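Take a look at the structure set out below.
None of the figures in this text is laboratory data; all of them are computed from the coordinates on show. Fair warning: this is a prediction, and the values are worked out from it, not measured in the lab. A quick note on method: Cβ atoms are made from the backbone with ideal geometry, for glycine too, and the neighbour counts reach across all protein chains shown.
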């Protein structure tokens, strides 16, 4: 596999980092995950805009990532070098150049890009989902971005595996639902769409934005805010959504839900 790192195309076997790496030592950086299909990156402008907000928040700079055309061309070239003709998953990381302890000495961001084959997941339902007992989200200046310091998601993932669940819902420190392990959380009730607000500490997802735009364009009520876990109990359908797909939940803890809904199918048909 060919990767891109620090202005070079390299074999994935190449040693590109040393122990003096702020991404390794401090999780100091951001990342972005995108899907390439039909000869383009889905929702590229939205991914690029979120990336710009993330690097600004973290006070990072990178010349390639400041230019949407330059970054897009680099990603497409990398996909071509890896001979990925149909679908690809793109992961872009920016970590800070070395220097300093918790207080960094540099704003220079080092860009690394990985691509691999992406096979759309045919599974549109997760059978058993739990609420996390171990992890809580909280809102802060950078909580809506994808940060390299993702320890809370790793802990939630370990809990999910330990409890033999197919996904896990993280709540905020006040007990409001926030997000799932890898996606934003949604539910439909009376043909209205609900989702936790960014103020719960969840990621400001690209697919979350597309769902909101779809609802606004089609006269479908869309609500974002603070919702206790009991708000899910009366839902017609509950689902998780990210750029890889929309997945319905068949059961959350002891409560069972429908997994089919006309509005959910419309969203899948238009957005995925």
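Here the translational diffusion coefficient of the range 125-271 follows from Stokes-Einstein with Rh set to the Kirkwood radius across Cα pairs; for 4 °C and 1.567 mPa s it amounts to 85 µm²/s. Relative to the dominant Cα principal axis of the chain, helix 262-271 is inclined by about 20°. When the P(r) of the range 217-272 is calculated, the portion above 16 Å amounts to 50% of the C-alpha pairs.
Give me 65, 202, 215 ranked fewest to most by other Cβ atoms within 10 Å of their Cβ, as a rough exposure proxy.
Numbers: 65 22, 202 25, 215 17.
So the residues, fewest neighbours to most, are 215, 65, 202.
What fraction, in whole percent, of alpha-carbon pairs in the range 48-128 exceed 16 Å separation? Pairs farther apart than 16 Å: 61 percent. Sorting 34, 155 by the number of Cβ atoms found within 10 Å of their own Cβ, with the fewest placed first, yields 155, 34.
Once the Kirkwood radius over Cα pairs is known for the chain, the Stokes-Einstein relation at 4 °C and 1.567 mPa s delivers a diffusion coefficient of 66 µm²/s. Quick one: check the C-alpha center-to-center distance for the range 92-125 versus the range 154-179, whole angstrom. Using only Cα atoms, the two centres lie 23 Å from each other.
If you count the DSSP beta bridges with both ends in the chain, what percent of them are antiparallel, to the nearest 5?
Numbers: 46 of 60 bridges.
If we restrict to bridges inside the chain, about 75 percent are antiparallel.
As a proxy for reagent exposure, 22, 152, 162 were ordered by neighbouring Cβ count within 10 angstrom, fewest first; the result is 162, 152, 22. In a Gaussian network model over the chain where Cα atoms closer than 10 Å are linked, find which of 208, 89, 258 has the largest mean-square fluctuation. Checking each option, the largest mean-square fluctuation is seen for 258.
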